[in-house]
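The values are calculated or read from the model by the stated rules, or taken from the named source; none is laboratory data. Note that the coordinates shown come from a computational prediction; the quantities given were computed from them, not determined experimentally. For neighbour counting, all protein chains shown are included, and Cβ atoms are generated from backbone atoms with ideal geometry for every residue, glycine included.
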Amino acid sequence: MNLKELKELIEMLKNTDISELEIERSGVKVRLRKGGDVTFHPAMPRMEYPPAAIVAPAISETERPAVEQAPAAASPDQIKVTSPIVGTFYRSSSPDKPSLVDIGDTVKKGQVLCIIEAMKLMNEIESEASGKIVQVLVENGQPVEYGQPLFVIEPV
Amino acid sequence: MFKKILIANRGEIALRIIRACKEMGIKTVAVHSTADAHALHVRFADQSVCIGPPKSSYSYLNVPSIISAAEITDAEAIHPGYGFLAENASFAEVCNSAGIKFIGPSPESIKLMGDKAKARETAEKAGVPILPGSAGVITEESDAVALARELGFPVIIKAVAGGGGKGMRVVMEETEFASAFVMAQSEALASFGNADVYVEKYITQPRHIEIQIIADEKGNIVSLGERECSIQRRHQKLIEEAPSAIVDAPLRKKMGDMAVALAKAVKYRNAGTIEFLMDVDSSFYFMEMNTRVQVEHPVTEMVTGVDIVKEQIRVAAGKTLSFTQDQIVVRGHSIECRVNAECPEKFTPSPGTITAFNPPGGPGVRVDTAAYTQYVIPPYYDSMIAKLIVHADTREEAIMRMNRALDEFIIEGVKTTIPMHKKILADEDFKQGNISTKFMERYHSPSK
């Protein structure tokens with residue numbers, strides 16, 4: 001499926017009552033979900049933590065694809081890692097370090113996936129399962145709430 | 001003025017605060033547990049943050065989560081409402097150290113008034129009458145008898161570590177005293193591992209009368225008159241009214257002046273309530289001070305025209321009180337009925353889905369609620385679903401209006417206390433204003 005077809009699909013969905021659509025064609029699975037009911041508006045991250053690294057979110061609330069707020073449900077065997085606390089999400093342990101994990105990485109249960117800063121404390125968030133990272137659902141420096149999905153892991 | 005306030009609460013009080021903020025042009029942040037994702041306070045706030053699972057200790061009492069939510073949303077102040085963290089001194093302290101304004105008194109005031117013995121001592125020093133009794137623990141039976149004789153019977157023996165009626169003995173006559181004293185001591189030891197008791201004068205038919213005060217950060221303190229909350233069951237208020245049927249203008253001034261004196265003595269700021277027990281001869285005694293907005297604040301708002309929540313926000317932002325004592329006039333009469341989702345006879349909670357919800361309206365009627373049709377009352381929190389408040393020229397008219405409003409209030413799907421309220425309002429003693437905190441006992445088993 002190419003980009004044009006995807007755009008057409010999105011256009012089509014806009015004019016219908018369908019809220020969710022899943023298509024599988026020649027091994028490629030696409031799931032679209034309409035926005036709405038998005039009540040969490042991320043604020044700009046605070047500057048105390050990695051001032052150099054903060055890439056101010058270039059995408060505003062309205063432009064952000066709905067898939068990020070309401071991530072496509074993982075297939076039954078996939079595991080969603082959710083945030084256990086409220087805070088600011090960081091993908092690396094310090095601004096000059098690379099991301100702790102990336103899409104395609106294989107992780108072990110208990111391995112640190114990301115950092116969530118809450119009340120000036122850096123909390124390491126560990127993986128609940130061993131497997132392969134298939135999705136990273138939050139951008140670096142974004143605020144997250146309790147229960148918000150962060151990663152999708154495919155167990156191995 | 002603040003640009004954005006986080007509301008660390010749920011239900012009707014969270015909505016009440018959001019309403020005040022909206023009318024003041026202040027942005028709001030709601031926090032909620034996963035059980036409250038569809039609650040109205042979440043819907044009507046400008047932003048919301050999920051702070052934890054349903055259990056309060058992991059969500060609405062979770063200090064790091066709430067502070068973190070304020071930080072990621074850039075909220076400048078936190079309004080705690082009532083219950084949850086409202087009277088938690090360490091929460092107020094954490095707010096201060098995080099540079100977030102706690103909308104309420106200082107942590108020191110909360111701590112001082114939260115300690116019953118210290119609060120009593122402070123009240124006494126400020127010239128507020130306290131219930132006559134032993135200043136502290138009394139161990140010798142002979143001392144206790146002598147004191148009881150001095151106080152005059154009836155007296156009450158209470159466990160220092162007490163609570164829930166355990167280790168508590170009312171003694172009507174001197175002949176019963178000796179055995180009651182020993183029993184109270186052993187009961188206290190069995191229940192709390194501490195045999196310490198004290199003796200106090202016992203009021204047979206007390207009325208619960210409380211004074212609302214509000215103070216700014218410049219030392220101005222104003223009393224907003226009294227509320228009568230004598231209709232209660234197991235220390236849970238059911239009906240509140242302002243003014244009290246037995247408080248006249250001179251008594252109101254006397255009580256108000258004492259409440260202000262106590263507030264001044266502890267350098268109190270923001271809204272607070274001083275609770276008194278009143279005897280049949282109108283003598284009154286300090287009970288405790290609540291360092292937060294009260295559930296029943298609307299009856300005071302109705303008769304004084306003061307918006308207490310807005311004023312709380314204003315004074316927290318450093319503004320001077322928008323009125324002086326001589327501008328406060330009590331007009332008409334207001335009554336509030338707490339509508340709880342519970343079985344009206346047994347008072348057992350009745351959580352579930354509200355299938356139909358029609359709040360009353362019309363002249364002089366106010367409903368503070370966060371419920372709606374199809375709202376699911378979660379089993380994790382308190383059972384209050386609405387506060388029905390009326391205002392009229394006289395107490396008699398207010399009762400008629402409340403009856404009318406209760407008839408219009410349709411709630412289906414869960415059991416509510418509406419039938420119980422109708423019964424109370426029809427009671428001759430209630431109508432005459434002959435009430436005390438013992439009033440509800442007539443609706444319970446006579447053996448108790």
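Between B:102, B:2, which is on the phi < 0 side of the Ramachandran plot, among the hydrophobic types (A, V, I, L, M, F, W, C), more than 14 Å from chain A (Cβ to nearest Cβ) and over 23 Å from the mean Cα position of the chain (by Cα)? Working first, answer last.
On the way: B:102 fails: over 23 Å from the mean Cα position of the chain (by Cα).
Within the list B:102, B:2, the selection yields B:2.
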### Given (1) over 26 Å from residue B:234 (Cβ atoms); (2) in contact (Cβ under 8 Å) with a residue 60 or more places away in the chain, index of the condition residue B:297 fails
(1)
### Query
Among the numbered criteria (1) within 11 Å of chain A (Cβ to nearest Cβ); (2) at pLDDT below 95, which single criterion is violated by residue B:119?
(1)
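One line per residue, one yes/no per condition, for (1) in contact with a helix residue (DSSP H, G or I) (Cβ under 6 Å, 6 or more places away or on another chain); (2) surrounded by fewer than 12 Cβ atoms within 10 Å (Cβ to Cβ):
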site: B:154; (1), (2): no, no
site: B:175; (1), (2): no, yes
site: B:195; (1), (2): yes, no
site: B:200; (1), (2): no, no
## Note on the structure
Of the conditions (1) basic (Lys, Arg); (2) in a helix (DSSP H, G or I); (3) closer than 17 Å to residue B:260 by Cα, the single one that residue B:314 does not satisfy is (3)
### Task
Could you grab me the full set of residues in the range B:265-316 that are of a type in the set (Gly, Ala, Ser) and within 19 Å of residue B:14 (Cα to Cα)?
B:271, B:272, B:316
### Query
Among the residues of the range B:87-126, which ones are in contact (Cβ under 8 Å) with a residue 12 or more places away in the chain and not in a helix (DSSP H, G or I)?
B:87, B:88, B:98, B:100, B:101, B:102, B:103, B:104, B:105, B:106, B:126
## Note on the structure
If we keep only residues of the range B:40-68 that are crowded, with 24+ Cβ neighbours inside 10 Å and more than 10 Å from every other protein chain (Cβ to nearest Cβ), then the residue nearest to residue A:120 (Cα to Cα) is B:60
### Tally, over the range B:97-129, of residues that are within 29 Å of residue B:278 (Cβ to Cβ), crowded, with 16+ Cβ neighbours inside 10 Å and hydrophobic (A, V, I, L, M, F, W, C)
7
### Query
Within the range B:233-252, is there a residue that is out of contact with any strand residue (DSSP E or B) (no Cβ under 7 Å at 6 or more places or on another chain), crowded, with 19+ Cβ neighbours inside 10 Å and at pLDDT 95 or above?
no
### Query
Before we move on, is residue B:60 within 23 Å of residue B:353 (Cβ to Cβ) and either of a type in the set (Phe, Trp, Tyr) or assigned by TED's automatic domain parsing to the domain that holds residue B:314 (or both)?
yes
### Query
So which pairs qualify, if the first residue must be in the range B:71-86 and within 12 Å of chain A (Cβ to nearest Cβ), the second must be surrounded by fewer than 21 Cβ atoms within 10 Å (Cβ to Cβ) and part of a loop (DSSP other than H, G, I, E, B), the Cβ gap must be under 6 Å, and the two must be at least 6 apart or on different chains?
B:72/A:43; B:73/A:43; B:74/A:43
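Using the structure shown, decide if residue B:91 is away from every other protein chain (no Cβ under 14 Å) and under 21 Å from residue B:32 (Cα atoms). Full working, then the answer.
Details: away from every other protein chain (no Cβ under 14 Å): no; under 21 Å from residue B:32 (Cα atoms): yes.
So residue B:91 fails the test.
Let's see how each residue does on (1) among the small types (Gly, Ala, Ser); (2) more than 23 Å from the chain's Cα centre (by Cα); (3) in the same structural domain as residue B:84 (by TED's automatic domain parsing):
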position	(1), (2), (3)
B:341	yes, no, no
B:379	no, no, no
B:384	no, no, no
B:387	no, no, no
B:400	no, yes, no
B:432	no, yes, no
### Query
Going through the range A:108-138 one residue at a time, which ones are touching a residue at least 40 places away in the same chain (Cβ under 8 Å), outside any strand (DSSP E or B), out of contact with any helix residue (DSSP H, G or I) (no Cβ under 8 Å at 6 or more places or on another chain) and away from chain B (no Cβ under 14 Å)?
A:127, A:128, A:129
### Task
Taking the residues in the range A:141-155 that are buried (at least 18 other Cβ atoms within 10 Å of the Cβ) and more than 14 Å from chain B (Cβ to nearest Cβ) as candidates, determine which candidate is farthest from residue B:36 (Cα to Cα).
A:153
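State which residue is nearest to residue B:257 (Cα to Cα) when the search covers only the range B:127-166 and only residues that are assigned to a strand (DSSP E or B) and small (Gly, Ala, Ser). Steps first, answer last, please.
Looking only at the range B:127-166, we keep the residues that are assigned to a strand (DSSP E or B), and these are B:130, B:133, B:155-163, B:166.
Adding the requirement that they be small (Gly, Ala, Ser) leaves B:133, B:159, B:161-163.
Values: B:133: 24, B:159: 32, B:161: 32, B:162: 31, B:163: 31 Å.
Applying the filter and picking the extreme gives B:133.
Those residues that are in a helix (DSSP H, G or I) and either without any contact (Cβ under 8 Å) to a residue 40 or more places away in the chain or of a type in the set (Lys, Arg) (or both), I need them from the range B:226-265; list them, please.
Matches in the range B:226-265: B:249, B:250, B:251, B:252, B:253, B:254, B:257, B:264.
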